[in-house]
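Below is one structure, written out as structure tokens; comments come after it.
The values are calculated or read from the model by the stated rules, or taken from the named source; none is laboratory data. What you are looking at is a predicted structure, and each value in this text was computed from that prediction instead of being measured. So basically every Cβ, Gly included, is an ideal-geometry build from the backbone, and we count neighbours across all protein chains shown.
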Amino acid sequence: MVNLVNIMAKHSMSSYKASMVKKIGHSEEVKFNFFFGNNTLDDLNFSGASEDCIVEKEDFKSVIKKELNYNENDFTVSLKSGKTWQFHLGVINEISTLDFIKKNISTKVLDNGKDLTIVKYSKSFEEQLKVLKSYSFWAKYLKKGSLLCYNEKEHQSYTFFEMNMVINSIIKHVKWRILESGRIKGDCIINNKLCSGVITLEFRNDDHKQCLVLGSSGGSGKSANGYRLFLFLKEKIKSICIKPLN
């Protein structure tokens, strides 16, 4: 077992704000299906680990097949529309059981007067590294469609990647480390520069919801981690950008 320290986020998202972000995300899914598919609002799945979007129009399917060298008939899509990408929020037993974490939480006051939340994980970092390097882990928590699509709303463009290639790139190129705080950080090279903490896995000790969270969060603008992950994928694997209004 490893004793870990988890520093609480300074500006944690309120339940109201989280709800608004979720609703905005759903509106982007509706817009996506208007451009690329034939689904109605009633057809969309608003919860659970399954796809919300599907490319159904034949002209777009043909372009994706050609540009990505994509030979599958599955055009389900995991859509990312913001600069923060959340992959999973909840139970991740491959990293630690929540019961173990909750039973072993303590606090510590630092020299600067700030509180730390001290967490023990039921898995060692060595065990966690093996998990983070496995295809099955990412397939479980990231693969909510056979394609990953990033919607750059300001440019009205949609960039598609093959999800299996996304997962393989994360496994091969992301380097993992654990901070004194207990956060697990994934670093990668973008434009020949080391970018720290592009992916984060941590325990969120909010009063209303104690859980593990995995994603690319934090930062702003071009330095936002979701956007940096997008840039990383564009460098490593094939992609196709489609502007449906052009």
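Could you check, for the range 199-214, whether at least one of its residues is part of a strand (DSSP E or B), without any contact (Cβ under 8 Å) to a residue 40 or more places away in the chain and more than 14 Å from Val119 (Cα to Cα)? Within the range 199-214, one or more residues are part of a strand (DSSP E or B), without any contact (Cβ under 8 Å) to a residue 40 or more places away in the chain and more than 14 Å from Val119 (Cα to Cα).
The conditions of being at pLDDT below 95 and among the aliphatic types (A, V, I, L, M) are met by Leu245.
The set of residues in the range 107-127 being more than 22 Å from Arg177 (Cβ to Cβ) and loosely packed, with under 11 Cβ neighbours inside 10 Å consists of Thr107, Val109, Asp111, Asn112, Gly113.
Residues in the range 87-126 that are more than 24 Å from the chain's Cα centre (by Cα) and assigned to a loop (DSSP other than H, G, I, E, B): Asn104, Ile105, Leu110, Asp111, Asn112, Gly113, Lys114. When the range 42-84 is limited to residues that are over 13 Å from Tyr158 (Cβ atoms) and among the small types (Gly, Ala, Ser), the one that is modelled with the highest pLDDT turns out to be Ser62. Across the range 214-235, which residue is surrounded by the fewest Cβ atoms within 10 Å (Cβ to Cβ) among those that are modelled with pLDDT of 95 or more and closer than 11 Å to Leu89 by Cβ? If we take residues in the range 214-235 being modelled with pLDDT of 95 or more and closer than 11 Å to Leu89 by Cβ, then Gly215 is surrounded by the fewest Cβ atoms within 10 Å (Cβ to Cβ).
Name the one entry in Tyr150, Tyr227 that is closer than 24 Å to Ser62 by Cβ, in contact (Cβ under 8 Å) with a residue 12 or more places away in the chain and in contact with a Lys or Arg (Cβ under 8 Å, 6 or more places away or on another chain).
Only one candidate qualifies: Tyr150.
Which ones in the range 158-183 are modelled with pLDDT under 95 and in a strand (DSSP E or B)?
Once the filter is applied, which keeps residues that are modelled with pLDDT under 95 and in a strand (DSSP E or B), the range 158-183 yields only Ile178.
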